[in-house]
1. How many percent of all Cα-Cα pairs in region B:114-171 sit more than 19 Å apart?
2. For Cα pairs less than 8 Å apart in space and 6+ apart in sequence, what is the mean separation divided by the residue count of region A:235-335, i.e. the relative contact order in percent?
3. Using every alpha carbon pair in region B:615-751, what percent of pairs falls into each 5 Å bin from 0 up to the bin containing the largest distance?
4. Just to be sure I understand the curve: with the Debye formula and one point per C-alpha of region A:235-335, what is log10 I(q)/I(0) at q = 0.18, 0.22 Å⁻¹?
5. Could you work out how far the C-alpha centroid of region B:699-763 sits from that of region A:11-56, in angstrom?
6. Using only Cα atoms, figure out Rg for region A:81-172 and give it as a multiple of 2.2 N^0.38 Å.
7. Could you work out the Kirkwood radius for the protein assembly as shown, taking every pair of different alpha carbons, averaging 1/r and inverting it, reported in Å?
8. Need one number: nm distance between label points at B:D233 and B:T2, each 7 Å from Cα along Cα→Cβ, rounded to one decimal.
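We did not get these values from a lab; they are worked out from the coordinates using the rules stated. Everything numeric in this text was worked out from a predicted model, so none of it was measured. A quick note on method: Cβ atoms are made from the backbone with ideal geometry, for glycine too, and the neighbour counts reach across all protein chains shown.
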Amino acid sequence: MRPFSYQRASDPDMAVQALGAAAAANDPLTKAAAQPLAGGTTLIDLMKLDVMRPTAIVDISPLAQAWSAIAPGGDGLRLGALAKMSDVAAHAEIQRSYPVIADSLKLAASAQLRNMATLGGNVMQRTRCNYFRDVSYENCNKRNPGSGCAAMDGVNRMHAVLGTSDQCIATYPGDFAQALIALDAMVEVTGKAGTRSMPFAQLHKRPGSTPDIETALQPGELISAFSIQGRWPRSVYLKARDRQSYEFALSSAAIALDIQDGTIRDARVALGGVATVPWRAREAEALLKGQKFDDGLPQRVADAAFADARGRRHNSFKIALGKRVVARALQQAVTMEI
Amino acid sequence: MTAAAPAPKANLGQPVPRYDAAAKVMGRATYASDMPLDNPAYAFLVTSAIAKGRIDRFELDDAKRVRGVIDIVTHENAPKLKESKLFSNGGYAGTTIQPLKSAEIAHDGQIIAVVVAESYEAAREAANRVKVSYSAAAPSATFDSPGTTAAAAKGQNSQFKEDPKVGDFAKAFDAAEVKLSVSYETPTQHHNPMELFTTSCAWMGDNLVIYEGSQYVYGLKNGVAEQLGIDADKVRVVNPYVGGGFGSRGSMTPRTAIIAAIAKRLNRPIKLVPTRDQGFTIATYRAETRHEIRLGASRDGRLVALRHEGAEVSSRPDAYCVGGTKTTTRLYACPNVDSLVSIVRADRNTPGFMRSPPEVPYLFALESALDELAVKLNMDPVELRRINDATRDPIDGKPYTSRSLMACFDEAAKAFGWSQRSPQPKSMSDGDWLIGYGCAATCYPTQMAPSAARVRLQRDGRTRVEIAGHEIGTGAYTVIAQTAAERLGVPLEKVAVFMGDSDLPPAPVAGGSNSTASTCSAVMMVCDQIRQRLFKALMPNDSLADKAKETVGISPAPSTQAAKGDRSLDIEKAFDALGVGVVEEYGEWKPEGAPLDSFRAMHNGQVRLVGGHQMKDQIAYAFGAEFVEVRVNRFTHEIRCPRLVGAFAAGRIMNPRTARSQLMGGLIWGMSSALLEATEIDERNARYVNDNLADYLVPVNADVPGVEVIMLSEQDDHINPVGAKGLGELANVGTNAAICNAIYHATGQRIRKLPVRLENIEL
Ligand SMILES: Cc1cc2nc3c(=O)[nH]c(=O)nc-3n(C[C@H](O)[C@H](O)[C@H](O)COP(=O)(O)OP(=O)(O)OC[C@H]3O[C@@H](n4cnc5c(N)ncnc54)[C@H](O)[C@@H]3O)c2cc1C
Ligand code: SF4
């Protein structure tokens, strides 16, 4: 850990100012000199590991009053970026109308972490790639652009099989983001020029040739809220992992269905633990829309979801696993009582 | 009585609460790094990013500019230290790789610099700013890596004396009606005790005090003195509480003498708190192992031939090995036995003890193979063990001092509901989950070592016991206090116990599960010396030979229980007769068969363990049986273990509450070892990858919904005066095999490599 200055944000403007002021031109957000601090469960860890070395911290937790709404309404849902994971997971209306959201949060991390961590921080959490998190490894394109990728031919059991590039195969580790992307969430961003909205699907960037650029946010921009249209009571989050709790997904699926008279009117399939970014499996969704459920459907959908997957030495199992997780989650979504 | 404090059965002591419970729960227990120091400087380690090669250059300017930095010590300016031999070669060290001696790098994460600063934060920041240029060479990481060398353990490790054999294995195996030939593998594991590998060193003139979590304060004191080239009496090691050891603090690590020498040079106390990931490379670990097992049996299940070949990884300079064939060749009756242990040298740090070092990997192999044999024979695995139960050591023919293996199987089977098992694999399920039941035997040698103790009794019954034993969380304070209270006939609340300080009378290493037997035997003996003095005062004319023997319990075996049939002693009357205020006795106890140099070695910090198969006319082991229920998800293949049931017999159970806790922790660790724990090695560079507690997986509460511990009554009058067999390392042995056996039952799939992960399951 290195010395840094600490400021508490008094209001959104001040936070945005403080974050923007320290930003040098061309710095990707991940390297920006000033970083917002929410629950700190990702940021402080990475600072202790010397992976992130901000010189200024802007604590945005004082904005919680304005930014922590949990507001399900007639036409949809609004979630403030500073709402705590635990509060959202425990909210009765979220559990009823958006089980995929409640479960993705409840099955993440530990109770202690969920009490600290915010939704905004959660979607911005960074990969758990061991070579990224250990600065004694030189070769990490995400941390040291152009240095190579130690994971590519190293220990890569936890790494991604979808959305990878020859520069980086790091998994996006979070759970909640799969629920957001599945439900076509919008993300509200507050910056110098005020507030803008964009599809959540556009927030995360695949690694491509710039793995150090992880999101569409610029230094000085903050996530202030997420919003979702409609209700999705027929939705599930299934997560496969090495232990029963407190562990990242080896593979997960967020599924949301709208079934009317036995016909699947709308279908959403998102994958976690297997891709470099929150992953929407649109090819799989296409196979579901307008169809009636049959016993072979889950397998066809699962195959489509992983058609482009590419495994490496230790993570190839994720392809077969991911397919079974999608198929099972789909069966659960179809048969769940709502 | 509750589950946590089981009702005493025959030969079980009282389940009194832990002596140190309140202090620990209230945060009053001071661990080594909690000890206040006067104006300390703080050290932070820099460790190597390569496993083999040389340091070309340090760039320290940036680091030195950090405000508060006092010194940066590298091989170029480090204090010179003397070498210490490996503990098994008459030294104290857990590794002979001595960092900061030269530019050479011998393993990943080797200490290459120590930054000393006015604060922990400054030291850490400066350490982050140290830049190192290396000339890296290609290291050999593990088995099969190019450049490793393999050779038989015998002849290179002085503690591995013989590859046990008997009869004619080859001929018997050839002729056997049923044969099995299988290989198994276990991974690298790290102890990860909660307490980090901290060290604080403070000099007062020529005298050094070391605060460090240690499982052997006498070993550490003597070892550091040797490395510093000073008289051992000038070194004192203090650690009233140890935040978990599991073997990792049994022998001296290189950090201590380095920090002591730097503190001397700076003339200031130094406190070192390394990080969790540094703990993976600056201390020891359980090395990966491989096994070839061959079993030959008659069709009715009698073993006629058994061969166990084991291979273990060690470092280039040190031939560490655990050699568990000493146990696996003796567990079952078999007339033709052969074995071989070899050591594979790689560019790694030297491995070391980790809870049940020999038994964990070697019994995993044997107990899995036995289950495979039971399948081949179409026989219940419990019955197969019954048929081959031994009363004598099959290698040397010596009788077991006591052996309750099958009684444990029967009790555990009953509690578990083994009879509900339908033997066919894949035949039991519950919704999405396939269910498997599995079992295995567990055992651990009964060991003892010489120990001293000092006991002081006051007229009002207040008692002070002093012994340089170690509270590593096992309940050592509690059972020592119980022993003294019982033996002197004073209330438990009046007994104060002082441990974890090398200025106290020497006790052996808290390892090999010998502590309770050794320290309590010593305390018992010294209490008897006190009783004897008091008795003499009361009955000066009676000869000790007659009455005293029954009335003060000073005879050795077989009265292994406290004061059996004794008359209680009127302490106040005896004090009045003596005319003194305090009676204090010091004594040195050694087990039968201890070598001649035992007491000298004890004071010099060298352990002389006896027991197990090395007793003269007998062989002594504790036994148990473990049953597990495993569930495997049909879709995700996730493996969970909802139930662990173990029955154990270990002679006298001094305190069923603390014993249960040990056994329960053992079962849980065994499950963890089977399903979760493995240190991943990047073979390209021989470096550990998941060196943190988020990625080195251990169970969380949700993984352990049900554990049941059953303690059987067993009386053994042949082992030591207290009649106790060590059980700290008993329960985590059999679990590995029991889990794999249950996975086979659930899925029909035999998995021979640990840990078992969901990708290993094919349905
Ligand atoms: C041991 C462990 C296990 C875990 N397991 C899981 C798991 O199973 N599943 C899972 O999903 N997560 C898991 N997590 C991750 C955890 O959920 C995240 O660390 C947490 O959600 C981050 O939220 P925070 O508020 O603490 O973020 P912070 O650490 O405060 O911030 C994280 C990042 O986001 C930035 N940031 C914070 N708020 C905003 C905002 N409003 N706008 C823009 N940028 C912002 C920060 O600058 C920082 O870079 C685990 C974490 C740990 C330590
Ligand atoms: S996978 Fe990405 S984060 Fe991991 S080492 Fe490679 S470049 Fe770095």
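1. Working: 1141 of 1653 pairs.
When all Cα pairs of region B:114-171 are counted, 69 percent exceed 19 Å.
2. On the way: 183 pairs, mean separation 27.0, N = 101.
For region A:235-335, the relative contact order is 27 percent.
3. 2, 9, 17, 17, 15, 14, 10, 8, 5, 2, 1, 0
4. -0.77, -1.10
5. That distance is 47 Å.
6. Numbers: Rg = 16.5 Å, N = 92, 2.2 N^0.38 = 12.3 Å.
Expressed relative to 2.2 N^0.38 Å, the Cα Rg reads 1.35.
7. On the way: mean 1/r = 0.0317 Å⁻¹.
One over the average 1/r among Cα pairs gives 31.5 Å for the protein assembly as shown.
8. So the label points at B:D233 and B:T2 sit 5.0 nm apart.
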